[in-house]
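The values are calculated or read from the model by the stated rules, or taken from the named source; none is laboratory data. Note that the structure is predicted; figures quoted are calculated from it, not measured. With ideal geometry, Cβ positions are generated from the backbone for all residues, glycine too; neighbour counts draw on all protein chains shown. Keep in mind that these areas ignore ligands, DNA and RNA; they rest on the heavy atoms of the full protein, side chains included. Shrake-Rupley method; radii C 1.70, N 1.55, O 1.52, S 1.80 Å.
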Amino acid sequence: MEGAGENQNQIYKTCRKQTLKSTSMKKMSILLLSLCLSTMSISQTKVIAHRGAWKNSGVPENSIAALKHAIDLICYGSEFDVHLSADSIPFVLHDHSIQGTHIEKTSSIELNKIKLSNGESLPTLEAYLNAGKNQTKTRLILEIKSSSISKERSLNLARTCVLMVEKTGVASITDYIAFDFDVCLKVKELNPKAIVTYLNGDKSPEELAAAGLDGFDYHFRVLKNKEHWLEEAHKRNLTTNAWTVNDEETMRWLIDRKVNYITTNEPEKLLELLK
Ligand code: MG
């Protein structure tokens, strides 16, 4: 009977060892899987709709309708451009003029009378941000346009945008971009937590990191000429974004180089490519 007891003990010990081994293997598998998933989510390129998702939906670029389409597509971000009226009210529009009216030389009362081709009023920044709030899946990528009148007005626009973002309660889903390096620095000074990236293509990752900015958002041709900037930026924990990429070949070139974001007029095409 003692021999049978010893045998049972041995069997019990072997079973327990195997159970522990299989439990630790399961834990290891789960750990490896979560590591793979987190690496995938870091390296997966994300889609930013350039001036909203307007091209394939037939709505005007930079309209609230274009922003809503980008949100419906669950783009990572929706980009838009902001200028300051003569009486310092920020409006959303790409060019300096619309329908022959120069934004910076016109009062907000006059600008409010302008209709886009879909019947929407020319959006104020306040109306635009309010349309983009109450959701968290699509970030609002706010481009502060350089003034055609003075550097002082560009910096005033930066201050106005930061205040409006705070006022409308969208700071946690808003990032800033600008061609004017001083404007980028001003936004960081006003809100050090804000994510601010530079558009003009003439600063190295080292210079951007030294200035305390969060990354670059450069024309794709800049990155094709200076491919090493992508790797350098990633090493410095800077974000990388390329604009405005509408063809599949360039999209694939950037995805292969693990660019963080692609800004495109074709968000539907890029989303499909990334599936
Ligand atoms: Mg823009």
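Taking label positions 7 Å along the Cα-Cβ direction at both residue 120 and residue 166, the computed distance is 2.7 nm, reported to one decimal. A cut-off of 5 Å between modelled amide H atoms, ignoring neighbours fewer than 5 places along the same chain, links residue 239 with 215, 216. You can think of it this way: the chain between residue 127 and residue 193 has 21.4 nm of extra reach, that is 0.36 nm per residue less the Cα-Cα gap.
At 1.4 Å probe size, with the rest of the protein present, what percent of the exposed accessible area of segment 120-275 is carbon and sulfur atoms?
Summing carbon and sulfur atoms, their accessible area is 47 percent of the total for segment 120-275.
When the listed pairs 188/226; 167/188; 46/68; 105/188 are checked against a 22 Å cut-off, the alpha-carbon distance exceeds it for 188/226; 105/188. Here the accessible area is traced with a 1.4 Å probe on the protein chains. For segment 40-98, carbon and sulfur cover 58 percent of it. Enter the accessible area of residue 159 (Å², nearest 10), with the probe set to 1.4 Å and all protein chains included. The accessible area of residue 159 comes to roughly 90 Å².
A simple count of charges around residue 65, restricted to other residues whose Cβ falls under 14 Å of its Cβ and scoring Lys, Arg +1 and Asp, Glu -1, yields +1.
The modelled label-to-label distance between residue 200 and residue 72, using points 7 Å beyond Cα along the C-beta direction, is 3.9 nm. The shape of segment 162-207 can be summarised by an equivalent ellipsoid whose semi-axes, obtained from the alpha carbon gyration tensor, come to 22, 9, 9 Å from longest to shortest. Extension gain, residue 221 to residue 94: 0.36 nm times the residue separation minus the Cα-Cα distance gives 43.6 nm.
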